[in-house]
2 protein chains.
Amino acid sequence: MKKRKVSIEDIARRAGVSHSTVSRALRDNSLISPKVREEIQKIAREMNYVPNAIAQSLQTQRTNTVGVVVTSIADPFYAEVVEGIEQVARTAGLSVFLTASHRDFEQEIAAIDNFHRRRVDGILVTDSRINKKNTNKIGEIAVPTVLINSQTEDQPETFHTVTVDDFLGGRLAVEHLIELGHRAIGYLGVGDRSQSNYLRLEGYRTALREAGLPENSDWVAISDEENTRINDVDTGKKMLPKLLTTGVTGIFCYNDMVAVGALLACQELNILIPQNLSLVGFDDIALCRYVTPSLTTVCQPKLEIGRSAMQMLLDLLEEKSVENLVLSPFVVKRNSTTAFEQQSAGAEGHSREFLTANSVLIMPDGQCPIPPTQCPMPNVQCPFSIT
Amino acid sequence: MKKRKVSIEDIARRAGVSHSTVSRALRDNSLISPKVREEIQKIAREMNYVPNAIAQSLQTQRTNTVGVVVTSIADPFYAEVVEGIEQVARTAGLSVFLTASHRDFEQEIAAIDNFHRRRVDGILVTDSRINKKNTNKIGEIAVPTVLINSQTEDQPETFHTVTVDDFLGGRLAVEHLIELGHRAIGYLGVGDRSQSNYLRLEGYRTALREAGLPENSDWVAISDEENTRINDVDTGKKMLPKLLTTGVTGIFCYNDMVAVGALLACQELNILIPQNLSLVGFDDIALCRYVTPSLTTVCQPKLEIGRSAMQMLLDLLEEKSVENLVLSPFVVKRNSTTAFEQQSAGAEGHSREFLTANSVLIMPDGQCPIPPTQCPMPNVQCPFSIT
DNA sequence: GTGAAAGCGCTAACAT
DNA sequence: ATGTTAGCGCTTTCAC
């Protein structure tokens, strides 16, 4: 098991040539007499030769690796981005190192530093927290680095970037609700001081302003967990009630996970989506299609983000000049949003009672208000959460 | 930008010592006079020295890296497993290479071969397709390798394994349904000839047999897409109708994604879960808690799988002897399963019409059969899919 | 076309 | 306690 791997010298000895000849033969270098080349390759195969990439790298100063920093490996959003990264990395013959930052600045720096020691050819960082002040902490910018959806205001211009336009995304989300006739629209965000939360909120505000709609500070709820966004679903769940009492008829959520949290909270409160409330998410992760109702959201082109960023890195490695990329998000309409008129029509009568359910629960135990024997629809799933 | 990195020789020159002294000082080696050590470390810091891990590896024959092969980077199940892997890898100072196999044997081999060239210290393979016959294709088993949930019957005994007991999982799932009073239970599986599908099916059969319940070949539906499981959700969606017509009252699905597909199919067919049909998944991915109704499932301890496998690899690297590990899955009861009595009670009357909805749709366009003006519950979400 | 020799940046005997 | 020397396994001039 601990047997030493065979090296080109071993092959050379066996073939009766010098190791440099073997080196050339193995890589189809220039004009080696074709027959010795064949011979050497055959011997190599017989000896189960596996080239030592470490030794190659030391010599060529190229590792054919890229380092990727993600927020969390199990983050469904970045998982898809990484999928895109790996696709083009693989076709270019590059392997990828994956490390999680958990949105922590120190961990991000540590990961990048580690990549530097390992002499990766390039680095991709998602959700970066690096700004100009702390750039020097990671030494010289020795390695081509591209930032994906960077979260700082002033990223050093030595880095390149691929970004989705959060501001536009926020506007599109809110414009969608406005088109549906909503006039009281809320924003449910996360409090980790990230740039994307700020920009989506700005998009929200701008859309309201441009439509001549009122703004109300009560309509904006930002969770106060500063740095640790453990679980966006829980955040959404916890924050929803605050917004409900303000009378909003539609809510734009920071992302899909937050929106799903809001959705689940509504189910518990017997508030119907979209009949009583319209919900818009952000990201368009797979989950959107699986919840009930399916989630209207602002789609980020995740695979494309990953592919473009990796392609940009490849260009950088070839010393091509590259331009920062800003991709446009777009709305994917599903079933969590509906026209306000329809919504209000359906919500006439008892609706207010449901809407304020968190404080005035009609059925505290979540039971259906209609006696089973009187239910005219015994065969359909009762929308009241009977757990 | 292309400036050559500083090496220990550069530091040595500046400090007026030999490069080996620097080497020792930088790694707190044995008894270097503390003051020159401090001095050297200071200089190194000033010069922004970044150790070259490649050169270190060439010398020490240790790369401090592990290679991980996953089915797909965006697979929510293995994402969590990898999360566990990375956690313990990081604390051990190891970096992880991540590559996708897409459940393809050739790609798996290619990934492992690549890891061999890169001289990773250990390899972790999920969903492996390697068996004894083709082992030799990857040369000597030079590197400690542990297989996670291997999918072949006869894995070479030179590999170590961490596995979740699929057979037990299948039994538990079906026993859960039996305890709820179900007697006609189906299995919805995937046709990629994987060992886990086979074992879960065997567990299903055994549970039925042990309970003295009837078995019916019509109750078992396996998708016929041989190798390419593009999307398990679509598989579930597509296969569900076949099972429905057989009169089963509960279905055990190969995994959660398949179950979610089944769930969505039921929504379209106006079949209520769990009132008309109970559904059990497998894996317990996060999604289970977000769909409506939430999904009863057989939980695989994903983080623990990852952590144990990585720990096993660590032990192997220290030449400790290790034992293959079989972890036990367990049922997590949620809202997609319910007692058959209750189910049938609720399904009395018109239920059959809904149950066979795929062939005898009462409302072909998915509209609620009750005229809006007569609906006694205008404020609740209509369970009929009005899209 | 092929061999000899240097060197990539480091660690680890072996001297001193 | 520190310097000298020899590799780790490869690529790449530079001769021939």
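The values are calculated or read from the model by the stated rules, or taken from the named source; none is laboratory data. On a predicted model such as this, the values are computed, not experimentally measured, just so you know. Because the Cβ atoms are built from the backbone with ideal geometry, glycine has one as well, and the counts that use them run over all protein chains shown.
Which numbered condition trips up residue B:70, out of (1) surrounded by fewer than 22 Cβ atoms within 10 Å (Cβ to Cβ); (2) closer than 24 Å to residue A:112 by Cβ?
Against the list (1) surrounded by fewer than 22 Cβ atoms within 10 Å (Cβ to Cβ); (2) closer than 24 Å to residue A:112 by Cβ, residue B:70 comes up short only on (1).
Identify, from the list A:57, A:20, the residue that is farther than 30 Å from residue A:313 by Cβ and either within 13 Å of chain B (Cβ to nearest Cβ) or within 16 Å of DNA strand C (Cβ to nearest atom) (or both).
A:20
Residue by residue through segment B:313-338, note down the ones that are in a strand (DSSP E or B), closer than 30 Å to residue B:274 by Cα and β-branched (Val, Ile, Thr). Lay out the reasoning, then the answer.
Within segment B:313-338, the first condition is being in a strand (DSSP E or B), and the residues that meet it are B:325-327, B:330-332.
Going one step further and asking which of them are closer than 30 Å to residue B:274 by Cα, we end up with B:327, B:330-332.
Result: B:331, B:332.
Hey, can you tell me all the residues within segment B:249-272 that are in a loop (DSSP other than H, G, I, E, B) and crowded, with 24+ Cβ neighbours inside 10 Å?
Those that are in a loop (DSSP other than H, G, I, E, B) and crowded, with 24+ Cβ neighbours inside 10 Å: B:254, B:255, B:270, B:271.
Go through (1) within 17 Å of the chain's Cα centre (by Cα); (2) more than 27 Å from residue A:131 (Cβ to Cβ); (3) β-branched (Val, Ile, Thr) one by one and return the number of the condition residue A:164 breaks.
With (1) within 17 Å of the chain's Cα centre (by Cα); (2) more than 27 Å from residue A:131 (Cβ to Cβ); (3) β-branched (Val, Ile, Thr) applied to residue A:164, the lone miss is (2).
Select, from A:49, A:78, the only residue that is in a helix (DSSP H, G or I) and either within 12 Å of DNA strand D (Cβ to nearest atom) or assigned by TED's automatic domain parsing to the domain that holds residue A:102 (or both).
One residue alone meets the criteria, A:78.
Looking at segment B:303-325 only, could you name the residues that are of a type in the set (Val, Ile, Thr) and under 15 Å from the mean Cα position of the chain (by Cα)?
Correct list: B:305 only.
Please go through segment A:283-292 and pick out each residue that is more than 7 Å from chain B (Cβ to nearest Cβ) and either modelled with pLDDT under 95 or touching a Phe, Trp or Tyr at 6+ places or on another chain (Cβ under 6 Å) (or both).
Within segment A:283-292, A:283, A:285 qualify.
Could we say that residue B:102 is within 11 Å of chain A (Cβ to nearest Cβ) and modelled with pLDDT under 95 here?
yes
Being of a type in the set (A, V, I, L, M, F, W, C) and not in a helix (DSSP H, G or I) is the filter here, so list the residues in segment A:13-46 that pass it.
Those that are of a type in the set (A, V, I, L, M, F, W, C) and not in a helix (DSSP H, G or I): A:17, A:31, A:32.
Which numbered condition in (1) outside the structural domain of residue B:148 (by TED's automatic domain parsing); (2) in contact with a helix residue (DSSP H, G or I) (Cβ under 8 Å, 6 or more places away or on another chain); (3) of a type in the set (S, T, N, Q) is the only one that residue B:56 fails?
Every listed condition holds for residue B:56 apart from (2).
For segment B:84-97, does any single residue satisfy the condition of being within 11 Å of chain A (Cβ to nearest Cβ), surrounded by fewer than 18 Cβ atoms within 10 Å (Cβ to Cβ) and not acidic (Asp, Glu)?
yes
Only one of these conditions is not met by residue B:33: (1) away from every other protein chain (no Cβ under 13 Å); (2) among the hydroxyl-bearing types (Ser, Thr, Tyr); (3) within 13 Å of DNA strand C (Cβ to nearest atom). Which number is it?
(3)
Any residue at all in segment B:106-129 that is over 22 Å from residue A:65 (Cα atoms) and among the hydrophobic types (A, V, I, L, M, F, W, C)?
No, there is no match, as no residue in segment B:106-129 is over 22 Å from residue A:65 (Cα atoms) and among the hydrophobic types (A, V, I, L, M, F, W, C).
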